[in-house]
1. Taking the chain as a Gaussian network, where each spring joins two C-alpha atoms under 10 Å apart, which residue of ASP146, ASP174, ASP80 fluctuates the most?
2. Choose one answer from MET166, MET104, MET37: the residue with the largest mean-square fluctuation in a GNM of the chain with alpha-carbon springs under 10 Å.
3. How far is helix 2-36 tilted, in degrees, relative to the longest principal axis of the Cα atoms in the chain, given as a value from 0 to 90 rounded to the nearest 10?
4. Relative to the longest principal axis of the chain, what angle (0 to 90°, nearest 10) does the C-alpha long axis of helix 141-167 take?
5. Go from 0 up to the bin containing the longest alpha carbon distance in the stretch 43-117, width 5 Å each, and give me the % of pairs per bin.
6. Helix-derived [θ] at 222 nm for the chain: sum -39500 (n - 2.57) over DSSP H runs of at least 4, divide by residue count, nearest 500?
7. Could you look at the stretch 83-166 and say what percent of its accessible area is carbon and sulfur, using a 1.4 Å probe and all protein chains?
8. If you add up the charges near GLY154, with Lys and Arg at +1 and Asp and Glu at -1, over every other residue whose beta carbon is less than 14 angstrom from its beta carbon, what do you get?
Amino acid sequence: MKIKDERITRETNRLAANAFWLMLILQAGVLAAKLTMGAPLGVCVLDIAVAAVGLGGMILLRSVKGLWGAKDEALKEIEDAGLAKLFMTMFWMLCVGEFLLVLMDEANILWYAPFLLVWGVPAVYFTVQSTRKGLMVWGGEKAKKDGRIRLLKGTILGAAFFGIIMGGPDCFVDGAFQLSGLLEVIAMSAFWGLMFYWPMRWMIDRSEKAADKAVAAAEEAAGNEE
């Protein structure tokens, strides 16, 4: 179990660190594109904030921990752990920020659409690589049951979030409630829920099998060294 836990923590941080760099590059590219296209400065506030947190956090981490220049394995793990935290901070800033901006500023919704690219691509990368490397695990039969319940609850929340973003602006037109908008919210939520829950459940099951194989190989290698 110790080998499994250490492997998952180390590899998860490494992938999250890679996702951080991907997200930072995408955010910088989107911000540059918006400014080049003449976007109002007001619609770029979230872009600037996310880029500042990512770049500033990385510089601060490397300066405080002395991580500039060549790094051995121990220092690399420290950096990966720090960048993993920055990745999650930026991810939630983008998700929550986009949600609020779309609800409050429908007139500029097209300027906010690229946020899906900025957080979506790194999230897909992290999920796919985690599955391949066996990092997403239930952790036993009891944990598997509890984990599926948590996944279902998370899917419902995510589906509601997606449905509101996609159909929320159409629920009220000129101050009047529109039933068609509500139906759109329900339809988009159902679409997200079905497209997320079952593939994610399958990926975690597959990832757990990969994790068991990796742990078995590590234990066998450790036994041979002894």
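1. Most flexible of the set in this elastic network: ASP174.
2. Highest fluctuation among the options: MET37.
3. 30
4. 30
5. P(r) for the stretch 43-117, in whole percents per bin: 3, 14, 23, 18, 12, 10, 9, 6, 3, 1.
6. -29000 deg cm²/dmol
7. C and S fraction of accessible area: 73 percent.
8. Charge balance in the 14 Å sphere: +3.
The values are calculated or read from the model by the stated rules, or taken from the named source; none is laboratory data. Here the structure is a predicted model, which is why all the values come from computation and not from measurement. With ideal geometry, Cβ positions are generated from the backbone for all residues, glycine too; neighbour counts draw on all protein chains shown. To get the accessible areas, we keep the full protein, side chains included, count just its heavy atoms, and leave off ligands, DNA and RNA. Shrake-Rupley method; radii C 1.70, N 1.55, O 1.52, S 1.80 Å.
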